[in-house]
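See structure below.
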Amino acid sequence: MSNYDRFPATKIKGYENTAVRGYDAIFDVLKEKMQGKKVLVMEAYPGVSDDLVLEQIKKLEPTLVIDMRKIFKDEKTLNEQLQYHITDDRIFGRMYYGNVIDFIDLERLEAAKKEVKEAQGLVVVYGFGASLVAEHDVLVYLDMARWEITLRYRKGLPNYNCTNYDEDSLRKIKRGFFIEWRVADKHKMTCFEDVDYFIDTNNDEDVKMVPGEGVRDGLRQIASQPFRTVPYFDPGVWGGQWMKEVCNLDKDQDNYAWSFDGVPEENSLYLDFENATIEIPAMDLVLYQPKELLGKDVFARFGAEFPIRFDFLDTIGGQNLSLQVHPLTEYIHRQFGMAYTQDESYYILDAKEGASVYLGLKEGVDSNQMIEDLRSANRGEIIFDAEKYINKFPAKKHDHFLIPAGTCHCSGKDAMVLEISATPYCFTFKLWDWARVGLDGLPRPVHIEHGKEVIQWDRTTPWVKENLVNAVYTVREDEHVKEEHTGLHELEYLETRRYWIKDEVVVDNEANVNMLNLIEGSQCRIESLDGSFEPFEVHYAETFIVPAKCNKYKIVNETDSTIGVIRAYVRKPQA
Ligand SMILES: O=P(O)(O)OC[C@H]1O[C@](O)(CO)[C@@H](O)[C@@H]1O
């Protein structure tokens, strides 16, 4: 057993034992709270088990229940309206920047408003967008983590108010990512400050309700201390065996490919109320406390979006990733409506003998020939000769490979990659998937035509070696610490610093958010210089976030050997 903590929770001070568990107890509290009041609005994130909650609402004996699904436009109308954003592609949609009201049938909305007004007795308005129908006397928000929604899609949950139960889950995720989650997050923030109670509905068998102010105060607390997001792990065709050991995972699984540990857009947070721990999307923090979390420079540049992503790619005992390329900013913006792109890097946390990383083109590559070969390979006519076109570098522990968008790349087998990247995560143009199929038995989606538009044909061997492979230099060294710059490339906005710490080091985050990982050593402690937060323990391979608000902090080595920490932050624009 390693000491990696899979369930990191933050204790919420001042709200101990305020959680209520199970729908019976929850509706007892709500019944009490509604005494002498008329309108209970229950907002729900798309993905929540609406039928189950509506069944429970009967406990309140309301005279009128409005189900938002009936106020929404019907599926066919919505599909037609959203077709430009849904697209025909399996993976890529176009970002939707509208609001929930765009999905509502305005006549039905007016009729529902009238019904509520005229009703006598208790009225419950339930579902996604419920607060558009009526002013609340009491407001409840039923929340759900993105990973849970993703798992439910795989098991047959359709998109909101749709009947696409059996549709390929990648297409459902696409509709979630490009449309539903954006709109739902935006809408959530319009009522977040007013919510009287939040309900964690991630587990239908164990729902938990906590006071609204407990969550808001909890998020304020989290934004002023180091914290971790809740990691999740997913198998894949190329997945490996390393994380099973180090992250204490189920040994009976064939493999684990990804760990998302440090992707606030995808991950969640555990808030510990002592009598229950609730799980909420980490995006709630980003959207509710953006300036405190991100800092003024990062907020000014990105808005309420978390621009740094750490995740793991485990191919130890597994296979090569697909050979791939990511879009340039201009392309991702024009094609998919994204503000910034998927610039990446691979920090090699561990590697077996013979591990490698494919990166950049060989000298003198004929671009037309390479694209033709990729096309024929994907038609099954030839096996693509990757090494004819792409450099293959040996990879060993603590190497850092930089991957600005537009550079062909992939990790080879037997490497444990800590991916330190910009946030967008699904804009991968696979070029070649080594003639294999995905875990579902289908070929994984390949996007050569997109890829050909963004490959930077001048990124060939000498430039790649000079710029992208271990471009490390020492920033400072004394008897306590050696600090190195390891990346990223100047075309990418992230800076990474590696600290080899003998005893302790003070880090100045210059009032902007930092994301870190303990890359060597069993544990360390993060301390506040002014006592503004309590000491925070970190174990090997754990990713953690230090909010902008923490300012200067100390990393303390608690072991007898030198430890290694990597820290990523957004570079300030050059004057
Ligand atoms: O496409 P593959 O082979 O699954 O590659 C790994 C994937 O993991 C990611 O790095 C996820 O962040 C993507 O860039 C990439 O799609």
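Every read-out reported here was derived from the displayed coordinates using simple, explicitly stated rules and does not represent laboratory data. Just so it is clear, the structure is predicted and the values come from calculations on it, not from any experiment. Counting neighbours? That spans all protein chains shown, and the Cβs are built from the backbone with ideal geometry, glycine included.
Shape summary of the range 200-248, radius of gyration then Dmax from alpha carbon positions: 16.5, 44 Å.
Could you work out the percent of alpha carbon pairs in the chain separated by over 42 Å, rounded to a whole number?
24 percent
Derived from the Cα gyration tensor, the three semi-axes of the equivalent ellipsoid of the range 9-222 are 28, 22, 15 Å, largest first.
For the chain, what does the helix formula give at 222 nm: sum of -39500 (n - 2.57) over DSSP H segments with n ≥ 4, over the residue count, nearest 500 deg cm²/dmol?
-7000 deg cm²/dmol
For the chain, relative contact order (Cα pairs under 8 Å, six or more residues apart, normalised by length) works out to 14 percent. Stretching Ile101 away from Ala511 to a fully extended chain increases their span by 143.9 nm, per 0.36 nm per residue minus the current alpha-carbon distance. Based on C-alpha pairs under 8 angstrom that are at least 6 apart in sequence, the range 1-109 has a relative contact order of 21 percent. With contacts taken as Cα pairs under 8 Å at a separation of at least 6 residues, the range 196-266 carries a relative contact order of 26 percent.
Calculated on the Cα set of the range 227-383, radius of gyration then Dmax: 19.7, 65 Å.
Pairwise over distinct Cα atoms, reciprocal of the mean inverse distance: report the Kirkwood radius of the range 473-570 in Å, one decimal place. Over the range 473-570, the inverse of the mean reciprocal pair distance is 13.5 Å.
Largest first, the extents of the alpha carbon coordinates of the range 208-280 on the three principal axes equal 44, 23, 18 Å.
Once you have a ≥ b ≥ c as the square roots of the Cα gyration tensor eigenvalues for the range 335-445, tell me rounded if a/c is under 1.5, and otherwise prolate or oblate according to whether a/b is larger than b/c.
rounded
Sorted fewest first by neighbouring Cβ atoms within 10 angstrom, Val506, Val195 come out as Val506, Val195. Distance distribution P(r), the range 17-94, all Cα-Cα pairs, bin width 10 angstrom from 0: 13, 36, 24, 16, 10, 0 percent. Pairs Lys76/Lys174; Lys188/Lys208; Lys482/Lys549; Lys174/Lys549: which are spaced more than 22 Å apart, C-alpha to C-alpha? The answer is Lys482/Lys549; Lys174/Lys549.
Cross-link pairs exceeding 19 Å between alpha carbons, from the set Lys388/Lys465; Lys296/Lys572; Lys11/Lys251: Lys11/Lys251.
Other residues lying with their Cβ under 13 Å from the Cβ of Gly487 contribute a combined charge of -4, Lys and Arg counting +1, Asp and Glu -1.
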